Structures are given as C-alpha cells and as structure tokens.
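The values are calculated or read from the model by the stated rules, or taken from the named source; none is laboratory data. None of the values given here were measured: they were computed from a predicted structure. Cβ: placed from backbone, ideal geometry, glycine included. Neighbour counts: every protein chain shown.
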Amino acid sequence: MTQSQMNSRERRNQKEQELDVKYFWGGKSIFVAVFQTVVLYSAPEMHNSHFPLLCWQVVFALGALFNTFWLMEVGRFIFGIGGESLAVAQNTYAVSWFKGKELNLVFGLQLSMARIGSTVNMNIMGWIYSRVQDLLGSAGPSTLGLALLIGGVTCVFSLSCALILAYLDRRAEKLLCKEQGKTGEVIKLTDVKDFSLSLWLIFVICVCYYAAVFPFIGLGKVFFIEKFRFSPQEASAINSIVYIISAPMSPVFGLLVDKVGKNIIWVLCAVLTTLGSHILLAFTFWNPWIAMCLLGVAYSLLACALWPMVAFVVPEHQLGTAYGFMQSIQNLGLAVIAIAAGMILDTRGYLFLEVFFSACVCLSLIAVVMLYFVNHLSGGDLNWSAKKRAKLQKAAASDSQLITAPVSQPWLTEVC
C-alpha cells in the first residue's frame, strides 16, 4: 500500500469516527423527542430543554479537562436529550405564536440563527483554544477543557434568553386570556395513529432529504480532498459553504414563501436542486463550488417551506407530538444512514456513496410528488397561494367571532 493510500485510509477512518461520535446519541434520541413532547407541550417553557444543554457542555468540558473520554461521551449523551427537546420546544413555540402567513419566515430565521452559531463556533473556538494555550504555556487536556468551559458561556446566555422567553410567554397568556389546554384535548402519544397521509409524506420527505445532506457534509471534507485534490483548508471551506449560505438565505426564502405560498412547489424545487447537486458531484469534475452552492440554496429553501407545513395538517393540540415525531424520524434516518454511509465508503468508495445519497433524494422527490396529488385530491391547503390562505383565514376568524367568543388561533382551526 502506497503512502497516499495509507493517508486516504487514515482520513476516512477519522471521518467515520467523527460520524460515530456525532450520532452516538442518535438511537436514544429517536425515542426521546417523541416522549418529551408530552412534557414540553404541557409545560413548554424552553428553559426545561436548555438546562440539559448547559449540563452537557460542563460535563463534556470536564471530561476534556481531566482527560476522561467516557465522561465526554456522557456529556454527548446528555446533549442528545437536551438538543432534541430544544428543537421540539422551538418549533412548538413558533407555531403557537405566529400565524400561517408568518410561519415560513420564522422557521427561516430559526435556521439562520442556528447556522450563524455554527459558523461562529467553527471560526472562534480555534482562536479561543490558541489564546488559552498561550496563557497556560502548553497544549493538552487542561487547555482543551478550559477552552470548552469558556465556550459554555454561550449556553448560559441561551438559558437566560429561554428564561426571559418563558416569562414573556406566561405574561402574554395572562394578558390575552390564553390558557394552556383550553381546547379540552388531552395530549397523548397515541395521537400518532390519527396522523394524516399528508403528514406521513412530510415525514418521509424530511427523512430522505436530510439523510442526503448531513451525512454527506460529515464525510465531505475527505471527499473533496480525494476526488478534487483540494488541500485540507480548501476542502473545509467548500464543505462549510452550505451552512454559510443558509445563514443569510433562510430568512430571505422564508419571507418569499410567506409572500407567495405554494409550499409544495418550493419543496419540489429544493429537492430537484439537491438531486442535481449530488449528480454533479458524483458524475462530473466540474468546479464543486457550483454544486455545493446549489446545495446550500436548496437546503435553506426546503427548511423554510417544509417544516411549517406540519402546522397546516394537524390540530393545534397535536402540534407538539407531530414535531416531536418528525424530529425522531429524522434522527432515525440520520443514525441509520450514517452507518450505511460508512459501510458503503469502506467497500465501494465515494462514487457509490454519492449514488446512494442521490437515491435518498429520489425517494424524497417521489414523496413530494405523492404529497402534491394527495393534497390536491383531498382539497388540502398545503399548496394554496398566500393570498388565498390569508383570505380564508380572515373569513374563518370573522365567522368564529360572530358565532362564539374569540377562539385561540382560528387559522389553525380552519386549516386543519
């Protein structure tokens, strides 16, 4: 075996180990996200899910500080619990306080802030580590642990924001006379059996699409080094462009979808663009910046158009369960695909891996087409224009005010 082949094998093993750590908590979080929706929706204060994140950062940093890898794994496990709960809580807050015409922009802003945080982390943590190393005069576990503890300040800030949000949420409920659970419906995990076919198709789109994005980015750096002969710095730059693009573009696309409507059409455009991106990377030697920029645009567009559709097809009292189940299915897909991607990479190489990712996107494309026809035949509103949806929601609100006392979120009552 030549030196270049040995280096290639070493890089692959390193990326597979990174994927193993990344999805260490994936199997557990498949169930956690669904189970905790009952708790979150009956007591949805977001600080309930922020506290585990603060704990994980401290435990993870202490594991590094004392050079104890198993303690770092425990911290990662705790992160899985808090991370999934936080995602469900964010989505539940979004659909609780923003109406249909605003929802796409809100989800776009959520994604944008998440990607900004990821980008800042990737660029700042190395600098913090270097400053701590200069201060201590040596590298090692102590330096890494202290750098991670300093990074944990962001978790404290995030928890503080969640506490403020919880206060504002309770205050708004009192001012608006909005009581939790006033629908009279009990939140149960058995709500899953009542999910419509449209919602299940949304789940399939979510699983198949994200399975072709996140695992690819996890293995992308080595892919660009081996196929396009990029330097490690160039490979890191192009691999991160998806998240960099999504930061500014997500709010823009969210606002665009809000103004136009037609969510299914936007999702279809995003899936087709992603499929084209993977085909370019698999079968051509074109400049990969083109394909990766297309992937970044498509990734931003899909998140803004897909996730808000859940609020259009389920009753209000099932929103927490629906988003929790969607999060869990996404985790299941990522956990399984990460394992499959590693096996394909070991036995077949990157060409077959790209074909595999393209097949996942094709399954997502089939689900989008099915969703279009199911929605059309059932008279659903997933592909309504923004003007039509706003007009019908306004009419529904007027009717409800004439018949009864004001009802919370009549737009959801009408839509569902």
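Hey, residue 400 hits all of (1) at pLDDT below 80; (2) under 25 Å from residue 306 (Cβ atoms) but one; which does it fall short on? Among (1) at pLDDT below 80; (2) under 25 Å from residue 306 (Cβ atoms), residue 400 violates only (2). Where residues in region 252-273 are surrounded by fewer than 23 Cβ atoms within 10 Å (Cβ to Cβ) and within 18 Å of the chain's Cα centre (by Cα), which of them is modelled with the highest pLDDT? Among those residues, the one meeting the criterion is 266. Residue pairs whose Cβ atoms lie under 7 Å apart, sitting 6 or more positions apart in sequence or on different chains, and linking a residue in region 204-228 that is more than 16 Å from residue 307 (Cβ to Cβ) to a partner that is of a type in the set (Ser, Thr, Tyr) and crowded, with 22+ Cβ neighbours inside 10 Å, are 212/274.
A Cβ distance below 8 Å, combined with a sequence gap of six or more or placement on separate chains, defines the contacts here; from region 308-333, residues that are closer than 21 Å to residue 262 by Cα and at pLDDT 80 or above reach residues that are surrounded by fewer than 24 Cβ atoms within 10 Å (Cβ to Cβ) and charged (D, E, K, R) in the pairs 312/381; 315/185.
Just one of the listed residues (291, 303) is at pLDDT 95 or above, under 17 Å from residue 212 (Cβ atoms) and out of contact with any His (no Cβ under 6 Å at 6 or more places or on another chain), namely 291. Quick check: is even one residue across region 213-235 closer than 30 Å to residue 312 by Cα and either of a type outside the set (Phe, Trp, Tyr) or touching a Pro at 6+ places or on another chain (Cβ under 6 Å) (or both)? Within region 213-235, one or more residues are closer than 30 Å to residue 312 by Cα and either of a type outside the set (Phe, Trp, Tyr) or touching a Pro at 6+ places or on another chain (Cβ under 6 Å) (or both). Evaluating residue 367 against the criteria (1) within 21 Å of residue 259 (Cβ to Cβ); (2) in contact (Cβ under 8 Å) with a residue 12 or more places away in the chain; (3) not polar (S, T, N, Q) leaves one unmet condition, (1). Within region 101-142, the set of residues being over 16 Å from residue 245 (Cβ atoms), surrounded by fewer than 17 Cβ atoms within 10 Å (Cβ to Cβ) and among the hydroxyl-bearing types (Ser, Thr, Tyr) comprises 130, 138, 142.
Has region 254-270 got at least one residue that is touching a residue at least 40 places away in the same chain (Cβ under 8 Å) and aromatic (Phe, Trp, Tyr)? Among the residues of region 254-270, not one is touching a residue at least 40 places away in the same chain (Cβ under 8 Å) and aromatic (Phe, Trp, Tyr), which makes the answer no. The residue that is modelled with the highest pLDDT, counting only those in region 158-180 that are among the hydrophobic types (A, V, I, L, M, F, W, C) and part of a loop (DSSP other than H, G, I, E, B), is 176.
If the condition is being closer than 30 Å to residue 165 by Cβ, modelled with pLDDT of 80 or more and either under 14 Å from the mean Cα position of the chain (by Cα) or polar (S, T, N, Q) (or both), then region 115-149 contributes 116, 117.
If a residue must be polar (S, T, N, Q) and either touching a Phe, Trp or Tyr at 6+ places or on another chain (Cβ under 6 Å) or surrounded by fewer than 19 Cβ atoms within 10 Å (Cβ to Cβ) (or both), how many such residues does region 274-300 contain? Here the count works out to 3.
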